[in-house]
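Read the structure below first, then the notes.
The values are calculated or read from the model by the stated rules, or taken from the named source; none is laboratory data. If you're wondering where the values come from, they're calculated on a predicted model, not measured in any experiment. Every residue, glycine among them, receives a Cβ derived from its backbone with ideal geometry; neighbour counts consider all protein chains shown. All accessible areas refer to the heavy atoms of the entire protein, side chains included, with ligands and DNA or RNA removed. Shrake-Rupley method; radii C 1.70, N 1.55, O 1.52, S 1.80 Å.
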Amino acid sequence: MKSSLSFIDSELEQLKKTHLLRQLRYGTIRGAKISIHGKNLLNLCSNDYLGIPTTKLKIHQMQSSSRLVSGNDEMYKKLEGKLAHHKSQESSLIYPTGYMANLGAISSIAKKGDLILSDELNHASIIESCRLSGATISIYKHNNMEDLKQKLKQKSKNKFVITEGIFSMDGDFSKLKEIAEITQKTDSILILDDAHGDFVVGNDGKGTGNYFGVSKKIDLYISSLSKGLGSFGGYIASYKNVVDLNINQSKSFIYTSALPSFLIEYSMKRFESNREHQRKKLQKNVKLFFERFTEIGYVINSQTHIIPIIIGKEKTAIEFGQYLFKNGVYAQPIRYPTVPKNQARLRISVTAWLSPKDMENALKVFEKAFQKFLK
Ligand SMILES: Cc1ncc(COP(=O)(O)O)c(C=O)c1O
């Protein structure tokens, strides 16, 4: 059919030709398993890292309006109090998603005339948020402290440094201790996106700041309730004045519906569950994956529950993913623009859902895949 939108067909065609076309797959998720088109697979790409068993809810409110109108259930106050304490901060504010928390918080506190230093591997939501703020953006080389120090010499009103705690597609830690020292010395403001470290690392799962002993040196935490906690939503934790400013100026907080309170209740139940038991299980599973992957011959540069298997070419990464799929393992190939071109990879996320038998089965498949694709 010819229409004025037919230029889109050639864009899609181009994506397909370069092995970058993305398509939705519908599945049914049950713990460690996912069923797609009737095929049962082991799910190795879930962000529900802790695998906290599902809790029953008394659903007493479905939806109302934005939080500044009538959507502000009492439960928010209780959970925000707990999240502020969890991050050793004065105050906290829940957003509908982590993506929206980044958009709202970064663009509320950084303005034209300010300078933002952002790690080159920071997540798309951070990149978009920095652009939205109108501040000057300077990208420093991944985890490169000399480059960061050099770039911080530029003159500007306020200076912000933004990094992820655990990088979402590489699974490595940021050099947070060094970054915190640098921001202190240069009077800069440190923002930490802890989406993948929160609830998983540090004492009691307090996250990457706690893991490196620098919790108090983080000026603004941005995180997700949809990953380690396995619920849904995003939040920030910071000084009270930062939270107050966000309530007043953060568009992705003000001009959108509040998360329904049953989701807040769900997060609260999971927050209060035996998270430590799940964390220990996760750590054991991660250790097993590292040991066995290394024995097989995979070169792993991550130190966490996110284990990337770098393949390189997009086409090969797709074929690798298809091979896993055929053999009962679900791990999606990650391609450009999520990662640079020719750095396509399988991103394995280890969860506490996995039983020893699940892992044994998966590792047999990975052993054969290594022989077929990487030998
Ligand atoms: C580093 C990072 N920040 C923020 C987000 C967004 O979080 P959410 O899924 O809650 O929107 C993600 C999601 O993958 C992420 O990886």
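Could we say that residue 105 is surrounded by fewer than 23 Cβ atoms within 10 Å (Cβ to Cβ) and closer than 20 Å to residue 209 by Cα here? Here the answer is no, as residue 105 does not meet what is asked. Please determine whether any residue of segment 162-177 is open to solvent by less than 30 Å² (accessible area, probe 1.4 Å), more than 16 Å from the ligand (Cβ to nearest atom) and assigned to a strand (DSSP E or B). There is no residue in segment 162-177 that is open to solvent by less than 30 Å² (accessible area, probe 1.4 Å), more than 16 Å from the ligand (Cβ to nearest atom) and assigned to a strand (DSSP E or B).
Restricting attention to segment 299-334, the residues being within 16 Å of residue 167 (Cα to Cα), part of a loop (DSSP other than H, G, I, E, B) and open to solvent by less than 30 Å² (accessible area, probe 1.4 Å) number 3. Just one of (1) within 16 Å of the ligand (Cβ to nearest atom); (2) within 19 Å of residue 74 (Cα to Cα) trips up residue 272, so point out which. Unmet for residue 272, out of (1) within 16 Å of the ligand (Cβ to nearest atom); (2) within 19 Å of residue 74 (Cα to Cα): (1).
This table checks each residue for (1) under 18 Å from the mean Cα position of the chain (by Cα); (2) in a helix (DSSP H, G or I); (3) within 16 Å of the ligand (Cβ to nearest atom); (4) at pLDDT below 95.
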{"site": "94", "(1), (2), (3), (4)": "yes, no, yes, no"}
{"site": "106", "(1), (2), (3), (4)": "yes, yes, yes, no"}
{"site": "128", "(1), (2), (3), (4)": "yes, yes, yes, no"}
{"site": "153", "(1), (2), (3), (4)": "no, no, no, no"}
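Picking from residues in segment 227-246 that are among the aliphatic types (A, V, I, L, M), under 17 Å from residue 81 (Cβ atoms) and part of a helix (DSSP H, G or I), the one that is most open to solvent (accessible area, probe 1.4 Å) is 242. Checking every residue in segment 259-268 against the condition of being charged (D, E, K, R), surrounded by 15 or more Cβ atoms within 10 Å (Cβ to Cβ) and assigned to a helix (DSSP H, G or I) gives at least one match. If we scan segment 358-374, do we find a residue that is more than 23 Å from residue 174 (Cα to Cα), in contact with a strand residue (DSSP E or B) (Cβ under 9 Å, 6 or more places away or on another chain) and part of a loop (DSSP other than H, G, I, E, B)? No, there is no match, as no residue in segment 358-374 is more than 23 Å from residue 174 (Cα to Cα), in contact with a strand residue (DSSP E or B) (Cβ under 9 Å, 6 or more places away or on another chain) and part of a loop (DSSP other than H, G, I, E, B). Looking only at residues of segment 189-226 that are surrounded by fewer than 24 Cβ atoms within 10 Å (Cβ to Cβ) and assigned to a loop (DSSP other than H, G, I, E, B), we find that the one that is nearest to the ligand (Cβ to nearest atom) is 226. Select from segment 63-100 the residues that are hydroxyl-bearing (Ser, Thr, Tyr) and more than 19 Å from residue 217 (Cβ to Cβ) and write down the one among them that is surrounded by the most Cβ atoms within 10 Å (Cβ to Cβ). Restricting to residues being hydroxyl-bearing (Ser, Thr, Tyr) and more than 19 Å from residue 217 (Cβ to Cβ), the top hit is 95.
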